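Following: one structure in structure tokens, then a few remarks.
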Amino acid sequence: MAEALNFHFIVDGEDFTSAGQASVQVKKNLRQLGLPSEIIRRVSIAMYEGEINMVIHAGGGTADVNVTEDYVEILLKDNGPGIKDVEQAMQEGFSTATDSIRSLGFGAGMGLPNMKRYTDFMKIDSVLGKGTDITMRVNIE
Amino acid sequence: MKISTIRELLDAQVICCEDGLARHVYSACGSDMMSDVLAYVKDQAVLLTGLVNSQVIRTAEMMDMNCIVFVRSKMPTPEMTELAKESGIVLLATKKRMYEACGILYSNGLVGNRVKNG
Ligand SMILES: Nc1ncnc2c1ncn2[C@@H]1O[C@H](COP(=O)(O)OP(=O)(O)OP(=O)(O)O)[C@@H](O)[C@H]1O
Ligand SMILES: [Mg+2]
């Protein structure tokens with residue numbers, strides 16, 4: 001693979017039912033590129049958690065995936081409320097999700113920890129009232 | 001354990017992807033919280049859940065799971081069934097409740113989040 005490959009998605013914040021479609025598409029694309037299934041699974045789970053978070057906590061956003069020779073990079077950007085205390089949000093079990101979100105099967109406070117667990121690099125830039133940018137990378141090999 | 005054995009043990013109805021019944025699963029996970037499921041990595045696992053929305057199918061898809069059992073007589077919607085068909089995920093529905101369904105599979109040798117022989 002000489003050049004980096006990029007995929008861009010707009011994540012609709014109004015539609016919970018279709019949330020996760022970008023991750024499903026990325027999984028297909030990475031399969032076509034012939035990446036190892038373990039790498040594909042880690043990328044898809046991390047991106048899926050991030051995509052769901054953008055829909056349930058931030059009203060949607062954008063997702064960009066870059067595939068290089070060395071890693072798969074996922075960039076998530078939203079203009080949501082931002083995260084007040086990132087360190088706290090990273091704790092397993094911490095969630096501000098409402099009961100209505102919980103009844104949809106989310107709000108266990110496991111998403112961000114899962115994103116960290118499945119990736120080799122993760123960085124959160126969040127500004128209250130402005131939004132959240134998340135960068136994640138999964139190394140190939 | 002063969003998916004067809006799960007169907008028999010749970011007296012479950014096959015909702016789609018009947019041709020996948022001969023496939024095997026090696027572990028199981030029961031939860032209504034999708035991020036709990038996503039915290040758990042295992043190839044060829046079965047998901048037992050009482051949650052009914054399209055994210056259940058996407059979660060299984062992200063995890064490369066090949067079978068979902070809906071407990072307490074929950075029925076997936078036609079949209080969910082379509083999504084499952086696209087990925088070849090076998091959907092089963094049982095009248096049994098979560099606790100009982102998990103217990104039956106466990107006592108018949110299907111382990112949870114544990115490596116067999118190790
Ligand atoms: N993109 C985001 N914008 C604003 N807040 C966020 C965002 N992502 C996460 N958060 C905050 O961080 C908390 C923890 O996120 P995390 O994904 O770990 O758990 P959750 O989404 O609440 O539940 P789960 O992921 O288990 O379904 C959230 O409850 C929310 O307060
Ligand atoms: Mg989350």
With only helices counted (DSSP H, runs n ≥ 4, each -39500 (n - 2.57)), the per-residue ellipticity at 222 nm for chain A, to the nearest 500, works out to -10500 deg cm²/dmol
In region B:1-45, whose amide N lies under 15 Å from the spot 7 Å out along Cα-to-Cβ of B:Ser73? List them in ranges. B:12-13
Normalized C-alpha radius of gyration of region A:5-139, against 2.2 N^0.38 Å? 0.99
To the nearest 20 Debye, how big is the dipole of region A:5-139 about its Cα centre, given +1 on the beta carbon of each Lys and Arg and -1 on that of each Asp and Glu? 260
For a quick check: with amide H placed at 1.01 Å from N, whose amide H comes under 5 Å from B:Ile15's, ignoring anything fewer than 5 positions away on the same chain? B:Leu91, B:Leu92, B:Ala93
Which value in Å does the Kirkwood hydrodynamic radius of chain B take, with 1/r averaged over all unlike C-alpha pairs and then inverted? 13.7
Around A:Leu75, what is the net charge, scoring Lys/Arg as +1 and Asp/Glu as -1 over all other residues with Cβ under 13 Å from its Cβ? -3
Within the P(r) computed for the protein assembly as shown, what percentage of the Cα pairs occupies the region above 31 Å? 25
So what is the 222 nm mean residue ellipticity for chain B from helices alone, if each DSSP H run of at least 4 adds -39500 (n - 2.57) and you divide by all residues, rounding to the nearest 500 deg cm²/dmol? -9500 deg cm²/dmol
Compare the peptides A:6-15, B:57-66 by average per-residue count of other Cβ atoms within 10 angstrom and give them in order, highest first. B:57-66, A:6-15
Net charge, A:Leu128 excluded, C-beta distance under 15 Å - Lys, Arg +1, Asp, Glu -1: -3
How charged is the neighbourhood of B:Leu92? Take every other residue with its Cβ under 15 Å from the Cβ of B:Leu92, and add Lys/Arg as +1 and Asp/Glu as -1. +4
Along Cα→Cβ, 7 Å out, is where each label goes; now give me the distance between the ones at B:Gln44 and A:Asn79 in nm to one decimal. 4.9
Fully extended contour minus Cα-Cα distance, from A:Lys130 to A:Ser103, at 0.36 nm per residue: 7.0 nm
Relative contact order (%) - region A:5-139, alpha-carbon pairs under 8 angstrom, separation at least six: 27
Suppose a student asked you for the relative contact order of chain B, using Cα pairs under 8 Å spaced at least 6 residues apart; what percent would you report? 32
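FYI, it's all coordinate maths here, none of it is from the lab. Because the structure is a prediction, the values reported are computed rather than measured. A quick note on method: Cβ atoms are made from the backbone with ideal geometry, for glycine too, and the neighbour counts reach across all protein chains shown.
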